[in-house]
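Contents: one structure, followed by commentary.
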Amino acid sequence: MRGLFITFEGNDGSGKSSALHTIMEKLQKSGYDVLYSREPGGSKVAEKIREVILDKDNLGMDDRTEALLYAASRREHLDKTIIPALKEGKIILCDRYIDSSLAYQGYARNIGIDEVYKMNLFATESLLPDLTILVCVRPEIGMQRIKKDNREMDRLELEKMSFHQKVYEGYLELAKKFPERIKVIDGEQTREKVVEDIEKVLMPLLKEKYDNK
Ligand code: TYD
């Protein structure tokens, strides 16, 4: 039996990670077999690549190098973590996946969504999520939230506001391009409402797959 591969996407400060953790706890309490993972990272080699990508010392990194590193880390993550869990029938909740590369490298870095998509289809052997939850907030709100948290920003978060604006636009493009797979959630609502909206799209899929046996 194949499991379910669910990814969470969103621009920086969208609140997707905290929503993901709440959903995960709820699913585990209901008895579902859930695996959490996140990109970049999620396996030994992928975590090493993550350090290189997010290191603030690497500010001059070439855009295509960046895209290739994300894809390489994704490949490792898929091979070592995602595919084995899918084979075991688990529900994988993954914080970021292919759409992050399409929005950040493809659209915001101007490499082109289609170019980055092709390269990622090679890296993933076309393994796409069953469902992608896209939590969006206007970039000015997202960045305000990050500043309020007072934590150190990584290399990507330190980008100019125009970059964050483009990431946001890129995600909206993706939602139009893949309407079947990507469901958009308004991240400017209360945390409770964000979780509720996610459950509305997620639960029917889970019930169909696991509860009708
Ligand atoms: P991280 O702190 O893990 O993420 P989050 O913002 O989800 O809390 O940082 C990951 C950064 O890398 C984030 O700014 C998005 C970016 N990113 C890409 O540019 N391309 C990708 O393919 C992925 C997976 C992430």
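The values are calculated or read from the model by the stated rules, or taken from the named source; none is laboratory data. Values in this document were obtained by computation on a predicted structure and should not be read as measured data. Quick reminder, even Gly has a Cβ in these numbers, built from the backbone with ideal geometry, and neighbours come from all protein chains shown.
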Checklist outcome for this item: Taking the range 50-68 and keeping only residues that are touching a residue at least 24 places away in the same chain (Cβ under 8 Å) and near the ligand (Cβ under 10 Å from one of its atoms), one is left with ILE53, LEU54, GLU66, ALA67
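Quick one: which residue in GLU25, GLU9, GLU66 is of a type outside the set (Val, Ile, Thr), in a helix (DSSP H, G or I) and closer than 20 Å to VAL167 by Cβ?
Numbers: GLU25 fails: closer than 20 Å to VAL167 by Cβ; GLU9 fails: in a helix (DSSP H, G or I).
Just a single option satisfies the conditions, and that option is GLU66.
Quick one: which residue in GLU169, GLU140, GLU115 is without any contact (Cβ under 8 Å) to a residue 12 or more places away in the chain, surrounded by fewer than 16 Cβ atoms within 10 Å (Cβ to Cβ) and either assigned to a helix (DSSP H, G or I) or of a type outside the set (A, V, I, L, M, F, W, C) (or both)?
On the way: GLU169 fails: without any contact (Cβ under 8 Å) to a residue 12 or more places away in the chain; GLU140 fails: without any contact (Cβ under 8 Å) to a residue 12 or more places away in the chain.
Step by step, each of GLU169, GLU140, GLU115 is checked, and only GLU115 is without any contact (Cβ under 8 Å) to a residue 12 or more places away in the chain, surrounded by fewer than 16 Cβ atoms within 10 Å (Cβ to Cβ) and either assigned to a helix (DSSP H, G or I) or of a type outside the set (A, V, I, L, M, F, W, C) (or both).
Kindly provide the set of residues from the range 26-49 that are farther than 11 Å from ALA72 by Cβ and within 15 Å of the ligand (Cβ to nearest atom), ordered by number. Give the steps one after another, and end with the answer.
To start, the set of residues in the range 26-49 that are farther than 11 Å from ALA72 by Cβ comprises 26-39, 41-44, 47.
Those that are farther than 11 Å from ALA72 by Cβ and within 15 Å of the ligand (Cβ to nearest atom): TYR36, SER37, ARG38, GLU39, GLY41, GLY42, SER43, GLU47.
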Checklist entry - So, of the residues in the range 1-25 that are modelled with pLDDT under 95 and more than 10 Å from the ligand (Cβ to nearest atom), which turns out to be nearest to LEU102 (Cα to Cα)? => result ARG2
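Quick check on this structure: which one of VAL195, VAL201 is under 23 Å from LEU4 (Cβ atoms), touching a strand residue (DSSP E or B) at 6+ places or on another chain (Cβ under 6 Å) and either of a type in the set (A, V, I, L, M, F, W, C) or surrounded by 13 or more Cβ atoms within 10 Å (Cβ to Cβ) (or both)?
Details: VAL195 fails: touching a strand residue (DSSP E or B) at 6+ places or on another chain (Cβ under 6 Å).
Testing whether each residue is under 23 Å from LEU4 (Cβ atoms), touching a strand residue (DSSP E or B) at 6+ places or on another chain (Cβ under 6 Å) and either of a type in the set (A, V, I, L, M, F, W, C) or surrounded by 13 or more Cβ atoms within 10 Å (Cβ to Cβ) (or both) leaves just VAL201.
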